[in-house]
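Data block below; observations after.
Read-outs throughout are calculated quantities, based only on the coordinates presented, and are distinct from any laboratory measurement. The structure displayed is predicted, hence computed values, not measured ones. All Cβ positions, glycine included, derive from the backbone under ideal geometry; neighbour counts span all protein chains shown.
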Amino acid sequence: MLRAPHVGLLALVLALASCDACGVRRNPKAVEPKAEPAAEAKPAPKVEAPAVLEGAVRLASPEAPSFLPEELERKVVDHVKRGAWPAECTPPKVADRTPLRLTDEGKLSGVVVAVSNFKKASPQRPPRVHDVVIRDCRLTPSLVLAQKGDRLRVTSEIKYPFMPGYGPPSQLKTLIPGQTYEVELNALGASPLMCGFTAPCGRTDVVVLSHTYAAVTDEQGSFRIDSFPADEHVKVSAWHPLLTATETELQIAAGETKSIELVVSPLVR
């Protein structure tokens, strides 16, 4: 015969046996929660088809314009005599003063075509380094199209102490093989890179923009801007320091490709 304390203990054990492991008493009438229906997949955001501008730049003249000799070197102080043309290089040529190339069809290579008066922000890209080389005492290439924040890096293949400079005349540096002359391009606009004091090295025109809606005509005088600001009335200009700037207004719908021809004239001196 069980004593009273033992009877109470037995009742407690039997009560615990009817509970879940978590200590919550089962309710046979409890309804299991229904599973939530799977969320419907949201449609991918609609990607707007890009607008494209392509075309060519034609010269309204039978002959490509040229720089004057004094436009191919930095001005030196009056009392400082400029160095002679280095003997390590081939002699200067008249063609050195004509960076623009004219095709048989009358089209020009090396011309900047840029968009303006747009509202949409242009596609972003990381900063780039634009390399210019002094080869045979001549800067190559003759034109650089850059974006603000890029860098200009100049090297030389000639064993001669050239002094290239971009921007203010004070920013000159003696350059020999193995050294570099670097400038961060933060000022918008166009400015030439040239050499002074020791000897000339030709000229590279550097164009710095705040956007990527621009291109340079190729050897056939053609250009293409793939990411054109769609559905906007904008201006498109053709520019080079030897040309009179030409512009036209147009609008291209999203997904449309439009072709134009810009006619330019030599700059009247």
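Tell me which residues come under 5 Å, amide H to amide H, from C89 once H is placed; ignore anything under 5 positions away on its chain.
Amide H to amide H, under 5 Å and 5 or more residues apart or across chains, C89 pairs with nothing.
On a full-extension model of 0.36 nm per residue, what is the gain between A187 and R82, subtracting their alpha-carbon distance, rounded to one decimal in nm?
Stretched fully, the A187-R82 segment lengthens by 35.0 nm.
Give, in nm to one decimal, the length gained when the segment between I260 and R125 is fully stretched (0.36 nm per residue of separation minus the Cα-Cα distance).
46.0 nm
Let me know the shape class of the range 59-199, please: from the alpha-carbon gyration tensor, a ≥ b ≥ c as square roots of the eigenvalues, rounded when a/c is under 1.5, otherwise prolate if a/b is greater than b/c, or oblate.
Note, shape of the range 59-199 comes out oblate.
What is the distance in Å between the Cα centres of the range 98-116 and the range 219-260?
After rounding, the separation between the Cα centres reads 13 Å.
Under the classification rounded if a/c is under 1.5, otherwise prolate if a/b is larger than b/c and oblate if not, where does the range 101-153 fall, given a ≥ b ≥ c as square roots of the Cα gyration tensor eigenvalues?
Oblate shape, in that a/c is at least 1.5 and b/c is the bigger or equal ratio.
Given a Förster radius of 30 Å and the C-beta distance between C89 and E63 as r, what FRET efficiency does 1/(1 + (r/R0)^6) yield to the nearest 0.05?
0.70
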